[in-house]
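Reviewing the structure listed below.
The values are calculated or read from the model by the stated rules, or taken from the named source; none is laboratory data. The structure presented is a predicted model; accordingly, all values stated were derived computationally and were not measured. Here the Cβ positions follow ideal geometry from the backbone for every residue, glycine too, while neighbour counts run over all protein chains shown. Ligands, DNA and RNA are stripped out before the accessible areas are found, and what is left, the full protein with its side chains, is counted by its heavy atoms. Shrake-Rupley method; radii C 1.70, N 1.55, O 1.52, S 1.80 Å.
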Amino acid sequence: MKKKIPVFSIEISDLEKKYINECLDTSWIGQGGYVDKFEEEFSNYVNCKHGITTTSGTTALHLALVASGVKKDDEVLVSSSTNMACAFSIAYCNAKPVPIDVRKDNWVIDPTLIEKKINKNTKAIMVVHLFGHTVDMDLVIKIAKKYNLKVIEDCAEAHGVEYKGKKVGSIGDFGCFSFFSNKTITCGEGGMVTTNNDEMASAARSFKNLCYGKKNKFLHEDIGFNYRLPNISAAMGYAQLEQIEDIITQKERIYKRYLNNLKNINGINIPKIEKHNSKFIMWVFNIYLDQNFKISRNELTQKLRDNGIDTRDAFVPINMQKPIQEQFNVSEDSCPNANYIMENGFYLPSGNNILDSDIDFVCDKIIEANK
Ligand SMILES: *Cc1c(COP(=O)(O)O)cnc(C)c1O
């Protein structure tokens with residue numbers, strides 16, 4: 001039978017089963033103790049005072065925006081090359097996502113482009129530590145202070161990653177994490193907002209739970225949402241968090257192996273790890289091809305598919321999304337680097353349990369295609 005190498009896969013240990021079964025055995029399937037435990041342990045891990053679980057990374061971003069006070073006709077500056085959860089969560093607030101181009105050498109927001117997009121409607125900056133690469137937060141915070149903007153860090157691909165010795169998600173006003181199946185740790189589906197601000201934490205907590213009244217429960221204080229993570233999912237996340245160091249060890253193994261195999265190949269560009277990225281943890285192994293590679297990205301990924309190797313193309317950036325262009329008057333050529341990454345970037349199989357020999361097989365096929 002032909003070898004198949006999936007783009008991502010995980011193994012679920014007995015620990016997840018044990019904690020989930022505990023929820024089932026005790027009937028604490030909706031809200032319960034694992035929600036509190038997961039929030040407490042994860043916020044400790046990120047070095048934040050508060051952790052508020054949500055149903056997804058998308059709802060975490062929306063909750064952070066709502067708690068930041070982002071409203072109709074406000075503008076939010078956001079990294080162009082990202083999961084569309086970023087742009088959509090801004091649109092849920094009836095606010096305008098303003099895409100900012102990324103750097104070609106590491107795919108994260110270019111902070112030097114932020115200031116000229118600020119106007120009187122700008123309320124927040126949403127930065128994305130994409131693929132585990134840190135954004136230059138000192139610059140972002142400096143600009144945010146100058147113009148009184150909130151800073152939301154999308155850490156969906158950066159659990160445990162550090163910027164100048166600080167965990168991402170603890171630097172801006174909010175960190176937003178996803179625990180979707182392919183993220184560093186997972187609940188299947190889930191998310192968390194982290195913050196050090198007591199007031200914004202309690203606002204986020206209220207909005208995630210329908211803004212129930214404090215005296216009369218059913219006299220609601222505002223228009224809230226149900227973004228509650230079930231106890232069963234929190235139990236899974238809690239079990240995963242206990243194993244995060246082992247997962248990171250696997251990611252380091254995978255990163256090093258790909259890096260060694262591909263670092264000197266003409267036409268392959270591996271995103272640069274900045275000095276300020278004091279702890280880099282790969283989410284998945286991403287690269288882009290330049291004109292020195294013998295064939296195009298699409299031709300290469302087809303060749304890999306023919307060999308049973310699954311890959312994922314880079315994100316189609318915010319400025320290329322039709323509904324965003326039409327509703328928010330965003331032009332398609334506003335982020336040339338993000339567009340370049342879209343056409344030439346992709347990621348390689350990076351499941352936690354991928355064998356070294358499979359990584360070598362993938363790299364051999366890439367090198368073969370460049371002959
Ligand atoms: C996965 C991801 C999201 C969305 O998270 P979901 O849990 O799928 O809603 C947001 N931003 C980035 C950068 C992501 O990778």
Check your understanding: Across segment 323-349, which residue is least open to solvent (accessible area, probe 1.4 Å) among those that are among the polar types (S, T, N, Q) and under 17 Å from ASN94 (Cα atoms)?
Key -> GLN325
Review point. Can you pull out the residues in segment 246-276 that are within 16 Å of the ligand (Cβ to nearest atom) and outside any helix (DSSP H, G or I)?
Key: PRO271
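Which of the residues belonging to segment 239-259 are touching a Cys at 6+ places or on another chain (Cβ under 9 Å) and open to solvent by 20 Å² or more (accessible area, probe 1.4 Å)?
Residue satisfying the conditions is ARG257 alone.
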Exercise for review: Within segment 47-59, track down each residue that is surrounded by fewer than 22 Cβ atoms within 10 Å (Cβ to Cβ) and either free of Cβ contacts under 8 Å to residues at least 12 places away in the same chain or away from the ligand (no atom under 16 Å from the Cβ) (or both).
Suggested key: ASN47, LYS49, HIS50
Exercise for review: Could you list all residues from segment 160-186 that are more than 10 Å from the ligand (Cβ to nearest atom), of a type in the set (Lys, Arg) and part of a loop (DSSP other than H, G, I, E, B)?
Suggested key: LYS164
Exercise for review: Output the strands (runs of 3 or more DSSP E) that fall wholly within segment 62-150 and possess 3 or more residues being open to solvent by 20 Å² or more (accessible area, probe 1.4 Å) and of a type in the set (S, T, N, Q), or say none.
Suggested key: none
Check your understanding: Only one residue in GLU189, GLU157 is of a type in the set (D, E, K, R), within 13 Å of the ligand (Cβ to nearest atom), at pLDDT 95 or above and open to solvent by less than 40 Å² (accessible area, probe 1.4 Å). Which one?
Key -> GLU157
**Study point:** Cβ-Cβ under 9 Å pairs, at least 6 apart or on other chains, segment 225-253 side farther than 18 Å from SER43 by Cβ, far side basic (Lys, Arg) and buried (at least 20 other Cβ atoms within 10 Å of the Cβ)
**Key:** PHE225/LYS208; ASN226/LYS208
**Study point:** Members of segment 276-308 that are among the small types (Gly, Ala, Ser) and open to solvent by less than 30 Å² (accessible area, probe 1.4 Å)
**Key:** GLY308
Review point. How many of the residues in segment 196-232 are open to solvent by less than 80 Å² (accessible area, probe 1.4 Å) and in contact with a Gly (Cβ under 7 Å, 6 or more places away or on another chain)?
Key: 8
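Rundown of residues vs (1) within 13 Å of MET236 (Cα to Cα); (2) open to solvent by 40 Å² or more (accessible area, probe 1.4 Å); (3) of a type in the set (Ser, Thr, Tyr), yes/no style:
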residue: ILE5; (1), (2), (3): no, no, no
residue: GLU11; (1), (2), (3): yes, yes, no
residue: ASP14; (1), (2), (3): yes, yes, no
residue: LEU24; (1), (2), (3): yes, yes, no
residue: SER27; (1), (2), (3): no, yes, yes
residue: PHE38; (1), (2), (3): yes, no, no
Exercise for review: Tally the residues that are within 17 Å of the chain's Cα centre (by Cα) and either in a loop (DSSP other than H, G, I, E, B) or polar (S, T, N, Q) (or both), restricting the search to segment 8-59.
Suggested key: 8
Revision key, fill the gap. Of the residues in segment 143-154, those that are closer than 15 Å to ILE109 by Cα and away from the ligand (no atom under 16 Å from the Cβ) come to ILE143, ALA144
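Results for (1) at pLDDT 95 or above; (2) in contact with a strand residue (DSSP E or B) (Cβ under 8 Å, 6 or more places away or on another chain); (3) not aromatic (Phe, Trp, Tyr), shown as yes or no for each residue.
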site	(1), (2), (3)
ILE10	no, no, yes
GLU16	yes, no, yes
TYR19	yes, no, no
GLU22	yes, no, yes
VAL35	yes, yes, yes
GLU39	yes, yes, yes
LYS49	yes, yes, yes
ILE52	yes, yes, yes
LEU63	yes, yes, yes
**Study point:** Pick from segment 60-105, criterion within 15 Å of the ligand (Cβ to nearest atom) and touching a Cys at 6+ places or on another chain (Cβ under 6 Å), ranking: farthest from HIS159 (Cα to Cα)
**Key:** PRO99
Review point. Before we move on, is THR134 over 17 Å from SER43 (Cβ atoms), polar (S, T, N, Q), touching a strand residue (DSSP E or B) at 6+ places or on another chain (Cβ under 8 Å) and within 16 Å of the ligand (Cβ to nearest atom)?
Key: yes
Check your understanding: open to solvent by 10 Å² or more (accessible area, probe 1.4 Å) and over 22 Å from ALA85 (Cβ atoms) - does that describe any residue in segment 309-322?
Key -> yes
